[in-house]
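Every number in this text was worked out from the coordinates using simple rules, so none of it is lab data. Please read these numbers as outputs of a predicted model, since none were measured by experiment. All Cβ positions, even for glycine, are placed from backbone atoms using ideal geometry, and neighbour counts span all protein chains on display.
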Amino acid sequence: MTTTRSAPPRARRQPARQRGDRIFAGSARAAGLLIVVVLAGVAAFLVWKSLPAFGAPAAQLPAGKGLWSYIGPLAFGSVLAAVIALVIATPLGVAIALFVNFYAPRRLARALGYVVDLLAAIPSIVYGFWGIVALAPALVPFYGWLADHLGFIPLFAGPASATGRTMLTTGIVLAVMILPIISAISREVFAQSPQLHREAALALGATRWEMIRLAVLPYGRSGIIGGAMLGLGRALGETLAVALVLSISGGVTFNLISNSNPGTIAANIALQFPESSGIQINALIASGLVLFVITLAVNVLARWIVNRRSDFAGANG
């Protein structure tokens, strides 16, 4: 005699679970599509509003220059300030991440991590006030020393600025601002390095630094590069801090300690937009389109580098 068994409760709950999965998948897909639509809308707006500036006579554009003669020095200044910040912040952020993960006691590491992350919560205008009131005057004697002893290098040719509001000061301020990004990403990447590889290196007689150099840094190289590129994108778009700190004279120069400094696109838009009208607004939006393309390219490159991170063989536990 055979008996029939009812379906287990799990089978009866399956349709509801599938419905929830479909709702969640649809919501996630809609959110992803919304981001793409917003990004495309911003790009379309910039292109639409920039078109009049591309065909306008040079006499109608700011300073009576051609559009690319106007945008070129600003793009150069934006990239130069961001690169200076990147050169300063990347080794410092990586060093902080290594200290927090492998050298500092647990309580100190936790507190130091909070302090570094807190830098990201400070408004950019506060960094600007700090740069113009405290940092710039403090660097004036140092700039004089650079001009006297290293003036043969084009970067420090001088004459040194008497106010300290130079491209190098701006780069230092931006470096402090992007430091939390690079440090946070580096900490996460280093924490995920395979523990078996670290233990194997120490078991074979490697010092702590040798273990980091052989097992941790190779694993986190792509993550470090990705974090640095994200920090670069952040520095490219900074506005208020640069507008407050940098003494802008225009032109293209690699001299980092003089009063002759190229402007940046974001700071120029913030300073010129309130007083602009007509075709001048279109020219400013065109410069914003150039900045949008540069920033988008930097972030796409960063995402590509992070996604190409090669997996280490072995367990990570």
_Label-point separation, residue 296 to residue 214 (7 Å along Cα→Cβ), nm_ = 4.6 nm
_For the chain, with +1 on Lys and Arg beta carbons and -1 on Asp and Glu, the positive-most of 87, 171, 97 along the dipole_ = 97
*Provide the per-residue ³J(HN,Hα) series for the range 144-158, in order, calculated from phi with Karplus coefficients 6.51, -1.76, 1.60 and θ = phi - 60°, each as a whole number of Hz, with x at glycine and proline positions.*
x, 5, 4, 5, 6, 9, 10, x, 6, 8, x, 5, 10, 5, x
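Per the Cauchy relation, a quarter of the hull surface: what is the mean projected area of the convex hull of the alpha carbons in the chain, in nm²? Walk me through the numbers before you get to the answer.
Working: hull surface 107.1 nm².
Mean orientational projected area (the chain, Cα hull): 26.8 nm².
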*Using helices alone, what [θ] at 222 nm do you get for the chain, with -39,500 (n - 2.57) per DSSP H run of 4 or more residues, divided over all residues and rounded to the nearest 500?*
-22500 deg cm²/dmol
*Specify the inter-centroid distance of the range 51-112 and the range 33-47, based on alpha-carbon positions, in whole Å.*
23 Å
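With a 10 Å radius around each residue's Cβ, average the other Cβ atoms per peptide and rank 62-71, 226-235, highest first. Walk me through the intermediate numbers first.
On the way: 62-71: 15.4, 226-235: 24.9.
Descending mean neighbour count gives 226-235, 62-71.
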*For the range 228-236, 3J(HN,Hα) per residue [Karplus equation, 6.51 cos²θ - 1.76 cosθ + 1.60, θ = phi - 60°, Hz, x = Gly/Pro]*: 5, 5, 5, x, 4, x, 5, 5, 5
*Across the range 22-39, in residue order, what do the Karplus-derived ³J(HN,Hα) couplings come to in whole Hz, using 6.51 cos²θ - 1.76 cosθ + 1.60 with θ = phi - 60° and x for Gly and Pro?*
5, 5, 5, 5, x, 5, 5, 5, 5, 5, x, 5, 4, 4, 5, 5, 4, 4
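Quick check: from the Cα gyration tensor, does the range 23-104 come out rounded (a/c under 1.5), prolate or oblate? If you can, show how the numbers build up before the last one.
Values: a/c = 7.71, a/b = 1.27, b/c = 6.05.
Judged from the Cα gyration tensor, the range 23-104 comes out oblate (a/c at least 1.5, b/c at or above a/b).
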_With +1 assigned to the C-beta of every Lys and Arg and -1 to the C-beta of every Asp and Glu, and no other charges, what is the dipole magnitude of the chain about the Cα centre in debye, to the nearest 20?_
1760 debye
